[in-house]
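Heads up: the structure comes next, in structure tokens.
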Amino acid sequence: MSLFRCPNCGAPLTREERQYRCARGHVHDIAAEGYVHLLPANQKNSKMPGDDKAMVAARANFLAKGYYAPLRNALCEAALAYAPQHASVLDCGAGEGYYTAGIYRALAEGGKEPRMAAIDISKFAVRRCAKQAKQVECAVASAYRLPLGDESCDLLVNCFSPLALEEFTRVLKSGGVMLYVVPAARHLMEMKEVLYDEPYENEEKLTPYEGFTYCEVREVESFAELNENADIAALFGMTPYAWKTPRAGRERLLAMERLGVTLSFRIHVLRKN
């Protein structure tokens with residue numbers, strides 16, 4: 001039985017060779033790359049929601065160079081620490097699968113027996129995720145209408161994606177754990193010093209999320225030397241600054257050939273009450 005539920009009726013889905021099927025006869029075809037589309041037309045906010053093909057490719061190429069490996073390693077360690085032996089895991093907003101594949105591999109190599117699903121609203125991202133994380137069920141879906149059953153997950157990973165807290169509460173089991181990744185105060189500060197006349201630190205705080213209790217906050221700190229203009233542009237494109245930076249700051253940054261940047265993250269580990 002699949003971790004996914006039918007987006008049309010909510011019934012459990014069974015995975016067959018080329019499709020998912022529910023008992024009520026709804027069929028969802030599996031694409032050649034191995035993912036399924038579980039985002040009904042009435043849940044789309046645009047014709048092609050999420051990151052486009054070029055954005056996904058740039059991010060995948062950047063991540064493949066290992067700049068964010070310290071964060072992936074820390075997520076793997078946290079997943080191993082909190083996942084039970086037979087863990088049902090959801091990566092929500094999985095993107096191209098860089099963290100998804102790493103977490104599944106870490107759990108399997110650590111002696112766990114995981115069942116894992118990954119969703120993203122971008123079909124271009126999910127297409128890459130399915131190729132990179134072949135043992136993981138991958139679907140195009142919305143974080144705000146997750147195609148999973150109530151209390152079906154032991155572990156939920158949310159890395160730089162929307163915090164759909166109501167849905168996360170619904171799909172997590174009682175006692176289940178959420179790994180929520182956010183940027184720390186000085187994350188990408190050197191980039192912001194190029195982009196803005198008055199760069200600012202990110203706010204860091206422990207938000208009391210209803211229905212959850214904090215277990216811990218794990219700190220991840222590293223420094224990256226970007227020695228190619230393409231890497232600088234790709235990193236910029238991965239951030240919210242790409243949408244809100246004045247033209248002059250953007251031009252200054254995209255003209256650079258080298259940039260050293262602080263990479264600083266916090267993994268908030270929260271348990272559902």
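Quick notes on this structure:
- Residue within region 217-230 that is surrounded by fewer than 17 Cβ atoms within 10 Å (Cβ to Cβ) and assigned to a helix (DSSP H, G or I) present: yes
- Filtered residues of region 147-180 (kept if part of a strand (DSSP E or B) and surrounded by fewer than 21 Cβ atoms within 10 Å (Cβ to Cβ)): Lys173, Ser174, Gly175
- When Leu90, Leu63, Leu13, Leu39 are checked against the criterion of being surrounded by 19 or more Cβ atoms within 10 Å (Cβ to Cβ), more than 22 Å from Leu148 (Cβ to Cβ) and hydrophobic (A, V, I, L, M, F, W, C), a single residue qualifies: Leu63.
- Residues satisfying the stated conditions in region 66-76, i.e. touching a residue at least 60 places away in the same chain (Cβ under 8 Å) and either surrounded by fewer than 16 Cβ atoms within 10 Å (Cβ to Cβ) or assigned to a helix (DSSP H, G or I) (or both): Pro70, Leu71, Ala74, Leu75
- Region 112-135 residues that are farther than 27 Å from Ala81 by Cα, paired with ones that are surrounded by fewer than 24 Cβ atoms within 10 Å (Cβ to Cβ) and among the basic types (Lys, Arg) (beta carbon under 7 Å, 6 or more apart): Phe124/Lys53
- Residue that is more than 28 Å from Glu221 (Cβ to Cβ) and either within 11 Å of the chain's Cα centre (by Cα) or part of a strand (DSSP E or B) (or both), where the choices are Cys138, Cys129: Cys138
- Residue pairs meeting the criteria (Cβ under 7 Å; at least 6 apart or on separate chains; first farther than 21 Å from Val181 by Cβ, in region 221-247; second acidic (Asp, Glu)): Asn229/Glu257
Residues checked against (1) modelled with pLDDT of 95 or more; (2) among the charged types (D, E, K, R):
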residue: Ala54; (1), (2): no, no
residue: Tyr104; (1), (2): yes, no
residue: Lys112; (1), (2): yes, yes
residue: Arg127; (1), (2): yes, yes
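- Residue match in region 192-206 (condition: farther than 30 Å from Leu38 by Cβ, free of Cβ contacts under 8 Å to residues at least 60 places away in the same chain, assigned to a helix (DSSP H, G or I) and touching a Gly at 6+ places or on another chain (Cβ under 6 Å)): yes
The values are calculated or read from the model by the stated rules, or taken from the named source; none is laboratory data. Keep in mind the model is a prediction, meaning the values are calculated, not measured. Don't worry about glycine lacking a Cβ; one is built from the backbone with ideal geometry, like all the others, and counts go over all protein chains shown.
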